[in-house]
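The values are calculated or read from the model by the stated rules, or taken from the named source; none is laboratory data. These numbers come from a predicted model, not from an experiment. Virtual Cβ from ideal backbone geometry, glycine too; neighbours counted across all protein chains shown. Ligands, DNA and RNA are excluded from the accessible area calculation, which covers all protein heavy atoms including side chains. Shrake-Rupley method; radii C 1.70, N 1.55, O 1.52, S 1.80 Å.
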Amino acid sequence: MEESRLVTPGEVLGKASQVKAGKGAYVSQRNSTVYASLTGRSCFISPPPNSIDQRPTVEVTGHNPHAAVPQPSSIVIARVTKVMPKMASADIMCVGPKSVREKFTGIIRQQDVRATEIDKVEMHSSFRPGDIVKAQVLSLGDARAYHLSTAKNEFGVISAESASGATMVPISWTEMQCPLTGQTEPRKVAKVET
Amino acid sequence: MAIAEPTNNSPSYIDKLVVPGDVVLDLSSMSNQTIKLGGGLRQDCDSITAMKAGMLRFSKPNKYWVESSQKRYVPSAGDAVLGIVVDTKAENFLIDIKGPALAYLPVLAFEGGTRRNIPKFEVGTLIYVRVVKANIGMNPDLSCMDASGKAAEFGPLKDGYMFETSTGLSRMLLSSPACPVLEALGKKLSFEIAVGLNGRVWVNAAAPSTVILVSNAIMNSETLTSVQQKLMVDKLLQRTQ
């Protein structure tokens with residue numbers, strides 16, 4: 001039982017009474033068994049000598065353990081794909097400083113766009129398709145998308161194109177201006193880093 | 001090489017034909033004015049250029065726009081259009097209004113609409129609706145009520161015949177005073193008609209022959225002047241009566 005072997009999602013790694021579930025493994029409450037949730041090598045980590053719970057921890061390392069995966073409260077950079085009346089969809093491109101290898105989708109709901117007057121938010125005046133936004137992951141959300149939030153000063157639109165095609169310059173918390181035509185467009189602007 | 005230069009004090013382009021690239025206004029010669037640009041015009045620093053081919057129109061105090069007729073419809077807020085139900089979702093009906101994206105008609109956007117009396121529309125029902133919001137990049141929002149919350153003729157259209165035209169013909173049919181074709185037809189025949197700004201027209205009458213006559217008369221009238229329209233309608237009516 002102690003040697004490392006190749007496992008696939010759903011394989012039994014042990015009983016919950018004998019092992020603790022680490023990364024890449026989870027405990028099923030129904031029959032108190034620890035199953036693997038990734039494809040990779042399982043390995044057992046012995047418990048620290050003076051802890052009460054003397055069960056070893058089982059971990060599964062996937063094919064790319066260094067890949068960037070969004071976790072709750074990580075900061076991500078995403079491109080807005082669709083704006084709807086109550087939420088906006090975005091494709092997550094970077095988690096922290098690393099770019100992602102596979103596609104992750106995030107949703108910014110109307111109540112998570114900013115911190116004040118959350119029921120009066122107009123999604124069309126906060127984001128447009130194609131904007132690059134900096135956001136924080138609120139939760140893993142559902143099977144389709146992570147839930148993202150831009151409700152702080154440093155989160156929001158960091159780069160956007162105007163209707164004429166030029167990159168806009170932020171002029172306030174809620175407006176960006178096109179350098180070619182001088183027109184301003186409303187966005188939820190992130191605090192510019194100095 | 002001829003470059004389009006804005007010429008000061010030249011005869012203005014208002015009510016004349018413009019093509020994409022024509023510089024129609026030079027802002028440096030008009031200072032301290034706020035100008036509203038409607039469809040078909042674009043601002044490039046100090047000059048206003050036309051983006052569409054059509055007639056440049058001006059309405060006091062300061063609104064300029066290019067009027068042109070196309071088969072494609074670009075949704076804009078406040079338009080009354082004829083839509084076809086494509087699908088029903090929990091919160092909205094999905095309606096095709098001949099625009100780039102399907103439009104959403106909320107299930108409660110009817111006069112006296114509550115969760116208990118949600119109307120049931122079959123796929124393919126023709127509905128006369130008003131566009132509430134039409135932002136670029138988002139699906140347009142529709143409503144079957146006018147701005148004050150009354151039903152005002154919006155809703156499903158039963159029987160009759162629907163045909164598609166260009167947007168220019170729809171606007172001509174809705175112009176006031178009454179369009180010559182409709183006036184001439186209305187003197188001799190009785191029918192009801194609904195015109196959508198998205199290029200769809202619905203006609204209903206007691207007899208199918210009347211419906212066909214009215215539809216053909218309207219479809220023929222796009223390029224005719226008012227006198228020609230009256231003559232055309234008279235000839236059509238003579239042949240059938």
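General remarks:
- Heavy-atom surface of the protein assembly as shown, accessible at 1.4 Å and reported per residue (Å²): 58
- With helices as the sole contributors, the protein assembly as shown gives -3000 deg cm²/dmol at 222 nm; each DSSP H run of n ≥ 4 counts as -39500 (n - 2.57), and the sum is divided by every residue.
- Protein heavy-atom surface of chain A, 1.4 angstrom probe: 54% of the accessible area is carbon and sulfur, with nucleic acids and ligands not counted.
- With the Kirkwood sum run over all distinct C-alpha pairs, segment B:80-156 has a hydrodynamic radius of 12.3 Å.
- Set of aspartates and glutamates near A:Lys103 by C-alpha distance (under 17 Å), chain-local residues within fewer than 8 positions excluded: A:Asp91, A:Asp142
- Both radii come from the Cα set of chain A: Rg as radius of gyration, Rh as Kirkwood radius; their ratio Rg/Rh reads 1.14.
- Measuring r between the beta carbons of A:Arg41 and A:Glu154 and using R0 = 51 Å, the FRET efficiency lands at 0.85.
- Taken as Cα centroids, segment B:44-72 and segment B:102-146 sit 30 Å apart, rounded to the nearest whole angstrom.
- Formal net charge of residues neighbouring A:Val121 (Cβ-Cβ distance under 14 Å; K, R +1; D, E -1): +2
- Structural size metrics of the protein assembly as shown, computed from C-alpha coordinates, are Rg and Dmax of 30.6, 107 Å.
- When both segment A:120-194 and segment B:197-231 are represented by their alpha-carbon centers, they are found 49 Å apart.
- In this label model, B:Ile14 and A:Arg101 are separated by 6.6 nm, measuring between points 7 Å along each Cα→Cβ vector.
- For segment A:135-194, the alpha carbon convex hull comes to 95 Å³ per residue, rounded to a whole number.
- Nearest-0.05 FRET efficiency for A:Ser172 and B:Leu174, computed from C-beta distance (R0 41 Å): 0.50
- Counted charge near B:Tyr13, where neighbours are those whose Cβ lies closer than 11 Å (Asp, Glu -1; Lys, Arg +1): 0
- Taking amide H atoms as placed 1.01 Å from N in the peptide plane, the amide H of A:Leu148 lies under 5 Å from those of A:Ile107, A:Ile108, A:Arg109, A:Leu138, each 5 or more residues away in sequence or on another chain.
- With R₀ set to 30 Å, the beta-carbon distance separating A:Ser32 from A:His66 gives a calculated FRET efficiency near 0.40.
- Label-to-label distance, nm, for residues given as B:Gln33 and B:Gln70 (7 Å Cα→Cβ offset): 2.7
- Spin-label model, B:Ala152 to A:Ala115: label points 7 Å out along the Cα-to-beta-carbon direction sit 4.2 nm apart.
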